[in-house]
Every structure is written in structure tokens, then in C-alpha cells.
Amino acid sequence: MRWVNRHVRQGNRILLGSLPIVLLVLLYLVLAAQRHAVNPMDKILPLPGSMAEGMAALLFQADRLTGQLVFWADTLASLQRLGLGLGIATLSALLVGLLLGVLPPVRATFGPLVTAIAVIPPIALLPILFIALGLGETAKVALIVIGIAPVMVRDITAHVADLPREQIVKAQTLGASSWQIMIRVALPQAMPRLLHAVRLSLGPAWVFLISAEAIASDVGLGYRIFLVRRYLSMDVIIPYVAWIAVLAIAMDLALVFLSRRLFPWAHGVSH
Amino acid sequence: MSTLLSLQDVWVEYGDKIVLEKVNLDIEAGSFVSIIGPSGAGKSSLLRVVLGQEVPTRGTILLDGTPLTPECGPDRGVVFQRYSVFPHLSALRNTMFGLECEKAPLSARLFGGARKAATAEATEMLNAVGLGDSMHLYPAQMSGGMQQRLAIAQALIKRPRILLLDEPFGALDPGIRADMHALITRLWRDYALTIIMVTHDIKEAFTLGTRVLALDKRRHDPHAPHRFGATAVYDLPLRDRRDGTADEDLIIALSGPQAGANQQIDKEGIGHG
């Protein structure tokens, strides 16, 4: 049987999918054990025990300076920045994308501007943001927004502009105005695409969040990772990175679930 | 019978390519006009011009004696071969769309009594096209024939002066196509519609139409084929079908015994709808 025809059943799929992850973890443990056999004080590849120890302090002991549980304060601060950035970017992408996609004159006027902004590397704008907006929360949220919004705007614009011409004509023969076409035809059909765009933007959003926190911050997951790097604290860095991965996966799954739940028509409802 | 739509000296050109030249047509209220012709003869261009999706390069189009606005409007309904229903709305909501746009300019949604009235009207329309049992399905859950039924219901609820059909049954298989022919004939009679239909299928053109227009180029320059446009080269008025008799003999006479045999097959296939 050809490999293109070998389909994997649901149960086996979970098994197969977890196989490489388990192998990687095992590989890490073997390598870490080897290093520790040579040098019990090794910090580069910490064993699970020392990771638990290192994290316990951050998880359960209040910081002497701020009185907060560091890990949870970091998580909260990062999620807040990420949520604000994603929310603002998503809303503006929807608004601008709809206007650009549905109304050709608006697209002709502002399309080139959006493209121009989208090609600027956002990290290059970070100094400008810090100078203009200070080192506070605003600059970090602004970096995320500037980093992901233009791509999302272009995606939504293209999707809306690609709606079959027949649909737009049909709506007009049913008496719809530009506004009505925008809110009744384009908006609902842009929504599943928007959720998809958010999913794809999650990765870049995390990159910009960690970058902003690494450069100027006093709390946050990225800040902590770059802070403890100075002491080679791999026992904290590795759990933090794993935690970021868990958060990102949870957000991704939530968006998939939401999209299927809210827009069943967009997910191949069968006959 | 009175003239509903009148095309006077209509030309359609794209750059230096002439698609339609000097089209003069009067279409009477209550007629069912089939437009046939080879590919590229401007059948769809003619339909788009009447629809208002395109502006003719020259000439005037009068609907009830007044010039058409160069924009689609609710006085002309349309059913395309594909993509004429909204995938994100159920059949019922698709049909209500036209009513909602008219009565709620800002929100395009109806509430309370107005919504109930619109639902009732849409339900009646869906029953008329045979979708009474599928009101809450999304288009993706429907077969091609059901989607075209929905597209027709959606257009008819606005009571358009003219219904334009752009190869509406071209993508359907023969059995379902025969069902759709019966449906559109019934609707045409019941609602006293004026229909212009573009089709590839000559038999379909003659079975359904009260008048058949064949578009083609009158002149042909082999060195510059694009410099001559098409126009109505044949304009065949058929027997008025309103008395209920079909032109079966005529079709068989026009398209030979082969077509008669095909029709037999179509009729056997009706049950598959």
C-alpha cells in the first residue's frame, strides 16, 4: 500500500504524535544524566529534580522585594500584554480589513500604506516605540500590535476581496447597500478567517512580547528568562519555555474550538 | 403585450475588442427569453449589461421606459451558475436577506413582528421552490440542485421585474435539471415572471423559452477577429406556452431524434432529486 493512502486512526494518531515528544524528553534525560555523572554540579542540562527545586521558589515563595509569587506575577503580566496586543490587533484587522476588502476606493487609497507598514521589521521600530511611548506597558503592547496587525489586515482584506463577485452582485439585486453588504455578507464570512489569522499570529505575538520584555521590563515571562540567563539558571529557563509552549497551545486549541462552535458552516458541515 | 425591457443600439467593448455590436432588442413583459450562442459570443456580457453589473460602451437600456441605473438593483433578480447563495446563512436566512435589507437599512436585521412576517414570507417562498423541509440547512449541506432552488427563492422574494438566469442549471446532472425545468416553468407561470436565461443547452433553450435569441458575429475578419462583435443573429418567437402545452414536437423537430431519446432519459432520472 502506498504511504499516501495510509490513514491513521484517531487513537493511533495520539500515540504516534506523542512518540517524537517522548523520545526527545528521553534523549534530554539521558544527556543530562551523562553530564551529571561527569560533573554533579552541571547547570547546562539540569535534571527534573533541580528544575522542580528551582521552580518551587518562584511558584510558592513570595518575592522579598515585591511580595508577589514571581511565577504567577510573570504569567499574569505577560498574558495581559499579549491579550491587549492581540485584542487591539484583531479588532483593527477586522475593521480595516473589511473597509479595504469591500470598498475599492478605500483599498486603492490605503492599500499601499498597509503594505508599506507591513514590510517594516517591527523590531526595528522598537527603539522608536520606547522613545515615543516610554518604557511602560504601552510600548510593549504597541510592539505586538504593530508586529502582527498589518499581516492580519492584509489577510482579511485579501479574503474579503476574494469573496465571489456573484455573491456581492446577488446581494445588490436583493437591495443591499454597501453598508449592508459589509455587515451581512463580508463580516460574517471574514470571522472564521479572522480567528484563523489570530491563530497564525500567536507565534509572532509571543516573539514580540518576549523581545519587548527582554529589553525593558520588571516583570513578565520573557523578562524572567533573560534575567536568570545571567546566572545560567537553565533549571528556571527550561520550565518557563515549556510553560510558554503550554500557554500557546492552549490558546491555539481554544481558538479552534471557538471557530468550530461559532461558525459551523465554515468547517465543512457534511450533508 | 407591452415592452418591459428595451435595448437600443447597445455596444459592449473591452479596449479594442468588440464583444457586442448594435444590439437592438425589445423584451415583452411575461416572456421567457432564452439566449444561446457559441462561447465568447457575448451571452454573459449581454446579461451583465442588463443586470447593471457592466455599463454598455454605447447605447441605452430602458426598463419600463426609464433608463437603467448602471448598478445592480432589486428590480432585476439574478441566479448564477454558482456562488449565488450566502454560505454563512441557513436557507431560511438566505431567503429573508432581501426583506431584511429593505426594511432595516441600518442593522439589516429584523426583530419581533417584522421578523415573524418576513419568516412567514420566506417560508412560503421556500415551500414554493420545494425546500420546505430544508429551511435550516446551510448551503454546504445541500446538493447543487437544492442550492439553485434556494437561489431562485432568494431572488423571487424581492418580486423582481425581470429574473436573469446565467446558465443556472449548467452544473446539475440531467435528472435534477429536468426537475428544475419543471420548477422554473411553474414559477414563471404562477408569479407571471419575465425571464431572460443564458444557456449552453439548445434543447433547454427551446423547451423553456417563449423566444430564443441566438447571438453570434454577423461578420468575421480572419485577420482581426476581435474587431467585430456579436449580435442577435436569430430571433425565434416560439408558440406561447402559457396555455400549458409544451413544444415537444418543435424541439424534436429542431434538434433531431437524438434529443428526443435524451429527453426520455432525463424523465427517468427525475426521481434522483
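Could you tell me which of the residues A:Ala254, A:Ala242, A:Ala248 is within 16 Å of the chain's Cα centre (by Cα), farther than 27 Å from A:Pro150 by Cα and surrounded by fewer than 19 Cβ atoms within 10 Å (Cβ to Cβ)?
Selected residue: A:Ala242, the only one of A:Ala254, A:Ala242, A:Ala248 that is within 16 Å of the chain's Cα centre (by Cα), farther than 27 Å from A:Pro150 by Cα and surrounded by fewer than 19 Cβ atoms within 10 Å (Cβ to Cβ).
Does the stretch A:156-192 hold any residues that are facing chain B (nearest Cβ under 9 Å) and touching a His at 6+ places or on another chain (Cβ under 7 Å), and which are they?
Passing the criteria: A:Pro188, A:Gln189.
Name the helices (runs of 4 or more DSSP H) wholly within the stretch B:90-176 that hold at least 1 residues that are facing another protein chain (nearest Cβ under 10 Å) and in contact with a Gly (Cβ under 7 Å, 6 or more places away or on another chain)?
Where helices (runs of 4 or more DSSP H) fall fully within the stretch B:90-176 and carry at least 1 residues being facing another protein chain (nearest Cβ under 10 Å) and in contact with a Gly (Cβ under 7 Å, 6 or more places away or on another chain), they are B:91-103, B:144-156.
Can you tell me which residue within the stretch B:107-136, out of those that are crowded, with 20+ Cβ neighbours inside 10 Å and touching a Leu at 6+ places or on another chain (Cβ under 9 Å), is nearest to A:Pro264 (Cα to Cα)?
B:Leu131
Taking the stated definitions as given, is A:Leu195 within 26 Å of A:Trp243 (Cβ to Cβ), within 14 Å of chain B (Cβ to nearest Cβ) and either within 25 Å of the chain's Cα centre (by Cα) or surrounded by 15 or more Cβ atoms within 10 Å (Cβ to Cβ) (or both)?
yes
Residue by residue through the stretch A:42-87, note down the ones that are touching a residue at least 12 places away in the same chain (Cβ under 8 Å) and basic (Lys, Arg).
Once the filter is applied, which keeps residues that are touching a residue at least 12 places away in the same chain (Cβ under 8 Å) and basic (Lys, Arg), the stretch A:42-87 yields A:Lys43, A:Arg81.
A quick yes/no check of all residues on (1) modelled with pLDDT of 95 or more; (2) surrounded by fewer than 17 Cβ atoms within 10 Å (Cβ to Cβ); (3) in the same structural domain as A:Phe110 (by TED's automatic domain parsing); (4) under 22 Å from B:Leu89 (Cα atoms):
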| site | (1), (2), (3), (4) |
| --- | --- |
| A:Leu135 | no, yes, yes, no |
| A:Thr138 | no, yes, yes, no |
| A:Leu143 | no, no, yes, no |
| A:Asp162 | no, yes, yes, yes |
| A:Arg165 | no, yes, yes, yes |
| A:Leu174 | no, no, yes, yes |
| A:Ser178 | no, yes, yes, yes |
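Looking at B:Ser84, is it of a type in the set (Gly, Ala, Ser), in contact with a helix residue (DSSP H, G or I) (Cβ under 6 Å, 6 or more places away or on another chain), within 13 Å of chain A (Cβ to nearest Cβ) and surrounded by 18 or more Cβ atoms within 10 Å (Cβ to Cβ)?
yes
I'd like the residue in the stretch B:1-59 that is in contact with a strand residue (DSSP E or B) (Cβ under 9 Å, 6 or more places away or on another chain) and of a type in the set (Ser, Thr, Tyr) and, out of all such residues, is farthest from B:Leu213 (Cα to Cα).
Restricting to residues being in contact with a strand residue (DSSP E or B) (Cβ under 9 Å, 6 or more places away or on another chain) and of a type in the set (Ser, Thr, Tyr), the top hit is B:Thr57.
The values are calculated or read from the model by the stated rules, or taken from the named source; none is laboratory data. In this text the structure is predicted, and so the values were computed from the model without any measurement. Cβ: placed from backbone, ideal geometry, glycine included. Neighbour counts: every protein chain shown.
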